[in-house]
Amino acid sequence: MKIDLKLSRQQKQEILEERARLLAKPPEEKIDSDQALELITFHLGKDYVGIPTSLVNETQPLRMLKWSRVPTTPPFIIGAVNLRGRIYSIMDLAQFVGLPGRPLSEKAHILLVRGGLCADGKEMELTILSDDVPQVRIVLLNQLNPTPVTISRQMQAYIRGITPDMLMVLDMQQLLSDPRLIIQGID
């Protein structure tokens, strides 16, 4: 970058000192993927949760989609949505783990997740309701704390750990393998 010759001697010196400070910074440490998790984070009511990005195929704002409520499904299935010709259940994870109900927010999104195995050996696919716009965040594994006893027993079964700022990192393989997620049709 060229320094404008019309700058005062003092201004030129300040620019050069700022460049020197930036160049003197030690390089940021690369984080080994075995030491960190990249998560999609979002809120379920007052709870802040994270899902590994490797299991999330896409996110969509719920208000932009055509979705329908489905009668006679468990309360944690709020409906079904058609994404590019495939029908997916919309799961309210909060209701599934016994958290208090809440109205759908204008910022609600769905996250298409894949993982776990169904009884037929196929991979489970469904969408999970998020109360807000999901964000990406990296969490160091050594910062995960055990789940406190103040978290409901139902929720504890699906938590891998909790960060110091109370982000609950979900064990999605455990959750998506839960047989209660399989809804059998009427023959």
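Laboratory data are not the source of any read-out in this text; all were calculated from the coordinates shown. Keep in mind the model is a prediction, meaning the values are calculated, not measured. Please note: Cβ atoms are built from the backbone with ideal geometry, for glycine as well, and neighbour counts cover all protein chains shown.
Which ones in segment 50-70 are part of a loop (DSSP other than H, G, I, E, B) and of a type in the set (D, E, K, R)? Steps first, answer last, please.
If we filter segment 50-70 for residues that are part of a loop (DSSP other than H, G, I, E, B), which is where we start, we get 65-66, 69-70.
Selection gives LYS66, ARG69.
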* To do: List every residue pair whose Cβ atoms sit under 9 Å apart, with the two residues 6 or more apart in sequence or on different chains, where the first one lies in segment 133-149 and is at negative phi and loosely packed, with under 13 Cβ neighbours inside 10 Å and the second, anywhere, is part of a loop (DSSP other than H, G, I, E, B) and among the polar types (S, T, N, Q).
  => LEU140/GLN35; LEU140/THR163; ASN142/GLN35; ASN145/THR163
* Which one of these is touching a Leu at 6+ places or on another chain (Cβ under 7 Å), farther than 15 Å from TYR48 by Cα and either part of a loop (DSSP other than H, G, I, E, B) or small (Gly, Ala, Ser) (or both): GLY79, GLY161, GLY115? -> GLY115
* Structure fact -> Counted residues in segment 121-132 being among the acidic types (Asp, Glu) and without any contact (Cβ under 8 Å) to a residue 60 or more places away in the chain come to 2
